[in-house]
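**Q** The structure is given below, and queries will be raised subsequently.
The values are calculated or read from the model by the stated rules, or taken from the named source; none is laboratory data. No experiment lies behind these values; they were computed from the predicted model shown. Because the Cβ atoms are built from the backbone with ideal geometry, glycine has one as well, and the counts that use them run over all protein chains shown.
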Amino acid sequence: MSIKSIRTGWTGISALAGNSVIGDFEPIATVTVGSSGQAEIDFTSIPATFQHLQIRYIARGTRNAADVSFNFRLNGATSNYAWHRLIGTGTATEAAGSANQSAIDLNDIPAATATASSFGAGIIDILDYADTNKNTTTRALFGRDLNGSGMINFQSGLYNVTTAVTSIKFRNGDGNFAQHSHFALYGIR
């Protein structure tokens, strides 16, 4: 079904008729961590039918610390990653970056000794993930609040390979992801 704008004269397809529209989000898969925790979150067999991918998450770690780091890998690769980020804590700022890495680091999420029931949250975009003519880039916005002492991060990443992304693995190198951590993968038209 097409709709024609009276004001501009533009004719387009209708999302109401069930047609896809550029920029639409479509859920692909979700993972919610159970009571025993989980060291890795895997999204596999990702279809190559979207322009971009987006992951939205809330996460907490189980290690006996205030916060823990975690990261992600594409296609199971253990090399060819780089990232850089800007961090703000409310009282200070910091910039960091690293090349020739085994994964894209996502910095800190609250852990076992952090404020009870606090989770870190973030959004990660994997741009042009199916394009085999260029390297894959990512961008992320994530942070945490520990009852007034939190942080926010803006980060970009590089998977320096021209292979289409078919899987994503989130890894908690400092223990497990805690119960109720949740990861959702979306395709963007």
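**Q** Among the small types (Gly, Ala, Ser), buried (at least 17 other Cβ atoms within 10 Å of the Cβ) and within 24 Å of Ser181 (Cβ to Cβ): which single residue out of Gly61, Gly76 fits that description? Reasoning before the result, please.
**A** Numbers: Gly76 fails: buried (at least 17 other Cβ atoms within 10 Å of the Cβ).
Among Gly61, Gly76, only Gly61 is among the small types (Gly, Ala, Ser), buried (at least 17 other Cβ atoms within 10 Å of the Cβ) and within 24 Å of Ser181 (Cβ to Cβ).
**Q** Can you find a residue that is within 13 Å of the chain's Cα centre (by Cα) and either closer than 30 Å to Gly148 by Cβ or surrounded by fewer than 19 Cβ atoms within 10 Å (Cβ to Cβ) (or both) anywhere in region 82-104?
**A** Yes, because at least one residue in region 82-104 is within 13 Å of the chain's Cα centre (by Cα) and either closer than 30 Å to Gly148 by Cβ or surrounded by fewer than 19 Cβ atoms within 10 Å (Cβ to Cβ) (or both).
**Q** Something else: For Gly173, indicate whether it is in contact (Cβ under 8 Å) with a residue 60 or more places away in the chain, more than 19 Å from Pro47 (Cβ to Cβ) and surrounded by 17 or more Cβ atoms within 10 Å (Cβ to Cβ). Even if it seems obvious, please write down each step before you answer.
**A** Values: in contact (Cβ under 8 Å) with a residue 60 or more places away in the chain: yes; more than 19 Å from Pro47 (Cβ to Cβ): yes; surrounded by 17 or more Cβ atoms within 10 Å (Cβ to Cβ): no.
When the stated conditions are applied, Gly173 does not pass them.
**Q** With the structure loaded, tell me whether Thr89 is in contact (Cβ under 8 Å) with a residue 60 or more places away in the chain, touching a strand residue (DSSP E or B) at 6+ places or on another chain (Cβ under 7 Å) and hydroxyl-bearing (Ser, Thr, Tyr) or whether it fails that test.
**A** Numbers: in contact (Cβ under 8 Å) with a residue 60 or more places away in the chain: yes; touching a strand residue (DSSP E or B) at 6+ places or on another chain (Cβ under 7 Å): yes; hydroxyl-bearing (Ser, Thr, Tyr): yes.
Spelling it out, Thr89 is indeed in contact (Cβ under 8 Å) with a residue 60 or more places away in the chain, touching a strand residue (DSSP E or B) at 6+ places or on another chain (Cβ under 7 Å) and hydroxyl-bearing (Ser, Thr, Tyr).
Residue-wise test of (1) in contact with a strand residue (DSSP E or B) (Cβ under 9 Å, 6 or more places away or on another chain); (2) more than 17 Å from Phe43 (Cα to Cα).
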| site | (1), (2) |
| --- | --- |
| Lys134 | no, yes |
| Phe142 | yes, yes |
| Ile152 | yes, yes |
| Val161 | yes, yes |
| Ala164 | yes, no |
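**Q** Continuing with this model, one more query. Within region 111-128, count every residue that is buried (at least 21 other Cβ atoms within 10 Å of the Cβ) and either modelled with pLDDT of 95 or more or over 29 Å from Ile46 (Cα atoms) (or both).
**A** Looking only at that region, the number is 5.
**Q** I'd like the full set of residues that are crowded, with 17+ Cβ neighbours inside 10 Å and within 22 Å of Phe142 (Cα to Cα), limited to region 35-51. Quick ask: steps written out before the conclusion?
**A** Kept after step one, since they are crowded, with 17+ Cβ neighbours inside 10 Å, are these residues of region 35-51: 38, 41, 43, 46, 50.
Passing the criteria: Gln38, Ile41, Phe43.
**Q** Moving on. Could you check Gly143 against (1) among the small types (Gly, Ala, Ser); (2) surrounded by fewer than 21 Cβ atoms within 10 Å (Cβ to Cβ); (3) over 17 Å from the mean Cα position of the chain (by Cα) and say which number it fails?
**A** (3)
**Q** Looking at region 30-88 only, could you name the residues that are in a strand (DSSP E or B), of a type in the set (Val, Ile, Thr), at pLDDT 95 or above and under 19 Å from Ala103 (Cα atoms)? Spell out the reasoning first.
**A** First pass over region 30-88, keeping only residues in a strand (DSSP E or B): 30-32, 38, 40-43, 52-59, 61, 67-74, 81-88.
Next cut, of a type in the set (Val, Ile, Thr) only: 30-32, 41, 55, 58, 68, 87.
Those still in the list that are at pLDDT 95 or above too: 30-32, 41, 55, 58.
Scanning region 30-88 gives Ile41, Ile55.
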